[in-house]
Amino acid sequence: MTALKLENVCKSFGDVEVLRNIDLTVEDGEFVVFVGPSGCGKSTLLRIIAGLEDATEGSVSIAGEVVNDTPPAKRGIAMVFQTYALYPHLSVRGNMSLGLKQEKQPKSVIQARVDKAVQMLGLEDYADRRPSDLSGGQRQRVAIGRAIVREPKLFLFDEPLSNLDAALRAKTRIEIAELHRNLGATTIYVTHDQTEAMTLADKIVVLRDGVVEQVGSPMELYNNPATQFVAGFLGSPAMNFIERSLPGASSAATVGIRPEHLTVADTGRITGKIAHIEHLGSETNIVVTTDQGEFLTVRRFGQYSCGVGDPIALDFDDADAFHFDAAMHRIRS
């Protein structure tokens, strides 16, 4: 069953086009991530799905019903915001139950749904506390719980982890993935963080300047990027790009090589000096300034001893290289 369908969705603010000709189908139960740099239109697209913004053109259908003229409260969606948006005077239970009370749900239904959400999110010991007595991660779980109790057709997440520190982001990301597996609910998730996109999504929608660059599973996009932008956006460290011809390589305008595919060699087609070294314990990233002035990153698994300023030669297997034309489109071999 199709949970969400966008057809030719466009959005303009005055003369400024923010979204252009967005077509997308999301199937029931999918976890879909909108990813892209700041200003690409991903949050605006989410707000159009939620009904918080009107599309200038095109249609939005939820569960087979066009909802362009349907107010947010009637769309069967629940949204989790970046800022939590909790009521400070209400407890955890109070925040989770408020929406259901406004819907005039029976008390027994409200209690059962809130109890289930509290248990699912591990908030049993905090259920009677107010937001000011909770950590950032706990507040985000309350916000997620408030969405869960609504039992919506669509869960919408707008950069929910951006206010958390790195350790909490990793932990909460795992919790969100586990929740999705348990609930099986259709989820649309917006982030600028490609790691979140790669680790959470069934399907990634990469946006750039208001246009969909590519749609696919994380590994499809990583292994078969359609454009140079997608190739460079997904992957950490980012893909290296060389805008010159290399002996034995394609005559493409740009050659792309992922850091893990560059090898240190006694002699190689790329020469330069080590500019920086990142010792990460399980791996070592070596930043190289080539003799042609490029900055390339080499990813070595394990610990690797070298020094800043040392000369270095690099090479790669041509089968691992990506080739892009002058319009930044992938050249298929």
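Worth a mention:
- Residues of region 298-314 that are exposed (fewer than 13 other Cβ atoms within 10 Å of the Cβ) and under 28 Å from the mean Cα position of the chain (by Cα): F301, G302.
- Conditions (1) closer than 30 Å to D128 by Cα; (2) in contact with a Cys (Cβ under 9 Å, 6 or more places away or on another chain); number of the one not met by G210: (1)
- Among residues of region 139-167, those that are farther than 17 Å from V35 by Cβ, part of a loop (DSSP other than H, G, I, E, B) and touching a residue at least 60 places away in the same chain (Cβ under 8 Å), counted: 4
- Residue count for region 315-329, restricted to those that are free of Cβ contacts under 8 Å to residues at least 40 places away in the same chain and surrounded by 14 or more Cβ atoms within 10 Å (Cβ to Cβ): 0
- For the residues R20, R113, R129, the requirement of being in contact with a helix residue (DSSP H, G or I) (Cβ under 7 Å, 6 or more places away or on another chain), in contact (Cβ under 8 Å) with a residue 12 or more places away in the chain, open to solvent by 30 Å² or more (accessible area, probe 1.4 Å) and not in a loop (DSSP other than H, G, I, E, B) singles out R113.
- Residues located in region 132-143, provided they are in contact with a helix residue (DSSP H, G or I) (Cβ under 7 Å, 6 or more places away or on another chain), open to solvent by less than 10 Å² (accessible area, probe 1.4 Å) and of a type in the set (A, V, I, L, M, F, W, C): V142
- The single condition among (1) modelled with pLDDT of 90 or more; (2) in a helix (DSSP H, G or I); (3) aliphatic (A, V, I, L, M) that A170 does not meet is (1).
- For region 231-244, the criterion of being more than 15 Å from the chain's Cα centre (by Cα), of a type in the set (G, A, S), within 30 Å of R20 (Cα to Cα) and surrounded by 21 or more Cβ atoms within 10 Å (Cβ to Cβ) is met by none of the residues.
- On inspection, N8 fails the criterion of being in contact (Cβ under 8 Å) with a residue 60 or more places away in the chain and open to solvent by 30 Å² or more (accessible area, probe 1.4 Å).
Here's the yes/no breakdown for (1) touching a Ser or Thr at 6+ places or on another chain (Cβ under 8 Å); (2) touching a residue at least 24 places away in the same chain (Cβ under 8 Å):
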{"residue": "S245", "(1), (2)": "yes, no"}
{"residue": "E294", "(1), (2)": "no, yes"}
{"residue": "G309", "(1), (2)": "no, yes"}
{"residue": "I312", "(1), (2)": "yes, yes"}
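- Put simply, of S108, S91 the only residue that is over 24 Å from T186 (Cβ atoms) and buried (at least 17 other Cβ atoms within 10 Å of the Cβ) is S91.
- Tally, over region 296-307, of residues that are in contact (Cβ under 8 Å) with a residue 24 or more places away in the chain and of a type in the set (S, T, N, Q): 2
The values are calculated or read from the model by the stated rules, or taken from the named source; none is laboratory data. Since the model is a prediction, treat every value here as computed from it, not as a measurement. Please note: Cβ atoms are built from the backbone with ideal geometry, for glycine as well, and neighbour counts cover all protein chains shown. In case anyone asks, the SASA skips ligands and DNA or RNA and just uses the protein heavy atoms, side chains included. Shrake-Rupley method; radii C 1.70, N 1.55, O 1.52, S 1.80 Å.
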